Structure formats: C-alpha cells, structure tokens
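Colleague: Got a structure for you, written out below as structure tokens; questions coming shortly.
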Amino acid sequence: QVQVVESGGGLVQAGGSLRLSCEVSGSLFSINAMGWHRQAPGHQRELVARITNPGSTNYADSVKGRFTISRDNDNDKATVSLQMNNLKPEDTAVYYCNAERWDVPRGMREFDYWGRGTQVTVSS
C-alpha cells in the first residue's frame, strides 16, 4: 500500500510564491512517476507537473517557467515538491499529488495513488 500526503497550500497575493510538498510512503518499488494535478471549481482536474523516476519532467503550458517540480528519495519514502512562483489568480485550485504505479517490464501504468489535496488561493 502507498500513502500520499500533501502540505503547503495557503493564501497568497498575485505575484507571490508557494511551495507544495508531498510525502509518498509505503511500497515504493513499483512507483515510477509522481506528479501534481489541480482542480478549480467547475473545471476538470488537470495535470500541472510530473516527474519520472529517471528524473524527466513535464509541465502544463500554463505553468512553464513559473513552476518547478522536484523529487527526493529516501529508503522508505519519497518527497515530491512543487515550487510555484509568480502566482496568478487563475492558479487558484485544490492541488493534488499522485504517485503512479507501473508494471515497468510491460510498460503499463496500473494504478494511481492520490492525496486528499491542498487548497491554493491566489488573490488579485
């Protein structure tokens, strides 16, 4: 089993910064990627940033150049962080962390573990 816990949300003025952290623990051997998604009221959940075990990253076009995803691994847990700079009111959303379980030899994404989310509110 895998546990995913986010922290670091809050209220910030436009142009400000926030750093989100996510601790992933449990059976990590099959976790091949982690990421951050967000969901604003009335909108679908969307991918914000993703980082794979080899360290490659990808970002939503709307956050490129402003957000940075990073990862630290320990023996029994992994931490994935999202540094958010130059925040805009349209970044307001609940941010969710996820961990992807893969069957790597088959190249199949099997399951996603999700956290409960953390609120980010950017005032204008």
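Colleague: How about the range 19-43: which of its residues are in a strand (DSSP E or B), open to solvent by less than 50 Å² (accessible area, probe 1.4 Å), closer than 17 Å to THR118 by Cα and touching an Asp or Glu at 6+ places or on another chain (Cβ under 9 Å)?
Modeller: Matches in the range 19-43: LEU20, SER21, CYS22, MET34, GLY35, TRP36, HIS37, ARG38.
Colleague: Ok, one more. When you look at ARG66, is it farther than 21 Å from MET108 by Cα, at pLDDT 95 or above and open to solvent by 60 Å² or more (accessible area, probe 1.4 Å), yes or no?
Modeller: No.
Colleague: To continue, here is another question. Only one of these conditions is not met by GLU46: (1) under 14 Å from the mean Cα position of the chain (by Cα); (2) open to solvent by less than 60 Å² (accessible area, probe 1.4 Å); (3) not β-branched (Val, Ile, Thr). Which number is it?
Modeller: (2)
Colleague: Separate question: Taking the residues in the range 79-106 that are assigned to a strand (DSSP E or B), closer than 20 Å to ASN58 by Cβ and charged (D, E, K, R) as candidates, determine which candidate is least open to solvent (accessible area, probe 1.4 Å).
Modeller: GLU100
Colleague: Here is a follow-up. Just to be sure before I move on: is SER30 at pLDDT below 95 and either closer than 20 Å to GLU110 by Cβ or not acidic (Asp, Glu) (or both) in the structure I sent?
Modeller: yes
Colleague: Which of the following residues is without any contact (Cβ under 8 Å) to a residue 12 or more places away in the chain and hydrophobic (A, V, I, L, M, F, W, C): MET108, MET34?
Modeller: Every option except MET108 fails the conditions.
Colleague: Also, quick follow-up: Output the number of residues of the range 63-109 satisfying the condition of being among the small types (Gly, Ala, Ser) and more than 15 Å from the chain's Cα centre (by Cα).
Modeller: 2
The values are calculated or read from the model by the stated rules, or taken from the named source; none is laboratory data. These numbers come from a predicted model, not from an experiment. Heads up, the Cβs are rebuilt from the backbone with ideal geometry, glycines too, and the neighbour counts pull from every protein chain shown. The area values use the complete protein model at the heavy-atom level, side chains included, leaving out ligands, DNA and RNA. Shrake-Rupley method; radii C 1.70, N 1.55, O 1.52, S 1.80 Å.
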